[in-house]
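The values are calculated or read from the model by the stated rules, or taken from the named source; none is laboratory data. Every value quoted in this text rests on a predicted model; they were computed, and no experiment measured them. Methodologically, a virtual Cβ is constructed for each residue, glycine included, from the backbone with ideal geometry; neighbour enumeration extends over all protein chains shown. Surface areas here come from the heavy atoms of the whole protein model, side chains and all, with no ligands, DNA or RNA. Shrake-Rupley method; radii C 1.70, N 1.55, O 1.52, S 1.80 Å.
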Amino acid sequence: MKPTEISRALVGSTERRTFLKTAIGAAATAAAIPAVSTIASAHFPDALRINIAPGSNENEIDPETDDRVSVAILQSTFVDEEGILKKPGTEITFDPTERPVRYRFGTQELLGQGGGARPIDDGEVRDVNGDGKDDLVLQFPLDGTGFTGDESRGTLYWERPETHHHGFHGTDTIHLPDDMEVSDIDILNYALTLEHLEAAYYNDFLDSYSESEVERSEVANYFARPTLQYSTYQQIQDVRDHEEAHVEKLTNTIEKLGGNPVEPAKYEFPYDGIEEFVALSDRIEAVGVSAYAGVAPMIDDTEVLEAALSIHSVEANHQTYFQLLHLQRPAPDAFNSARSMDQFLPIAQQFIADH
């Protein structure tokens with residue numbers, strides 16, 4: 001099902017592109033997610049020669065006529081500076097027809113988070129550039145690449161089979177229409193970045209505080225009934241379990257749709273003590289609720305929409321619980337507004353390690 005005309009009026013194509021750019025691309029860059037800068041520069045040296053949409057004019061991709069993009073990996077010789085395949089400094093020939101097909105393709109920011117589209121099959125062997133050497137041409141689905149229409153370059157990573165990391169990457173120019181819509185896979189990956197953060201947050205707290213410390217704290221003493229006071233720790237465990245279930249659900253859905261799920265970043269959570277944890281939890285859950293409210297109108301598939309809304313309502317339950325612990329009025333307003341990415345980014349940035 002396509003979004004209704006009302007939804008399209010609320011969330012136009014420009015806003016949808018801005019949303020994805022922020023959520024998957026700019027969010028990673030602005031928030032300095034370590035996976036982007038570390039994997040891209042250190043683990044994936046820029047050594048491969050690739051040709052996006054070989055034979056096309058200006059590497060043009062038109063999603064209206066084709067939901068796939070061709071990428072040719074050319075034979076090339078270069079110095080293996082980091083010793084990925086040979087000793088550091090050894091000159092090697094990278095023949096893609098003799099290497100395992102372990103590639104991801106899309107925006108560099110998304111690839112740096114462990115996302116990107118995987119090839120549809122093992123590809124076709126042919127001489128693309130007329131140099132008499134066999135090259136490998138792979139087909140990638142556009143869904144999951146992270147492209148919004150604003151990009152001028154596409155990136156391809158080749159991973160070592162045994163580690164999924166420490167491979168090579170190559171880039172090439174790409175020409176996309178400026179009215180591309182965000183795919184469900186890319187939206188789900190945005191939601192997954194939020195759920196990774198929340199799951200890590202609650203695990204961090206539960207690893208730091210014991211059940212006795214939590215249930216004898218001033219926060220737990222807010223409850224007059226012992227059955228509520230002495231279940232505070234278990235309630236937080238339940239919230240953690242919910243977030244981990246959300247991660248699993250989103251990951252499985254992305255994979256079912258043929259996408260590649262993003263990986264968690266490294267986080268630092270700025271709270272000191274149980275009272276500060278409760279206040280921060282209230283804030284984080286509020287962000288999650290508003291983020292899902294913002295993403296819902298952008299989803300095409302009804303099953304994906306139903307899954308997103310089911311998570312949204314659970315996040316609202318979490319927020320209500322922490323509002324009570326934070327001595328705030330639960331559900332003070334009749335309507336909740338959706339949070340824009342510009343509002344989300346400053347909040348998310350403080351949780352990213354080394355930001």
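Things to note:
- Annotation for the range 153-201: GluC sites (Glu not before Pro) lying in DSSP loop with at most 13 further Cβ atoms inside 10 Å of their Cβ are Glu162.
- Taking 25 °C and 0.890 mPa s as conditions, the range 229-355 diffuses translationally at an estimated 153 µm²/s according to Stokes-Einstein applied to its Kirkwood radius (Cα pairs).
- To put it simply, the accessible area of the range 71-133 at a 1.4 Å probe is 40 percent carbon and sulfur.
- Sequence-separation-based contact order of the range 99-231, relative, with Cα cut under 8 Å and 6+ spacing, percent: 19
- Radius 13 Å from Cβ of Gln234, net charge of other residues (Lys, Arg +1; Asp, Glu -1): -3
- Rounded Å value of the spacing that divides the Cα centres of the range 237-258 and the range 107-132: 28
- List Leu309, Leu188, ordered by accessible area with a 1.4 Å probe, largest first: Leu309, Leu188
- Phi angles across the range 240-246 convert, under the Karplus curve 6.51 cos²θ - 1.76 cosθ + 1.60 with θ = phi - 60°, into 3J(HN,Hα) values of 4, 4, 4, 5, 5, 5, 5 Hz, Gly and Pro given as x.
- For the range 81-134, the square roots of the Cα gyration tensor eigenvalues, ordered a ≥ b ≥ c, give a/c of at least 1.5 with a/b no greater than b/c, which places it in the oblate category.
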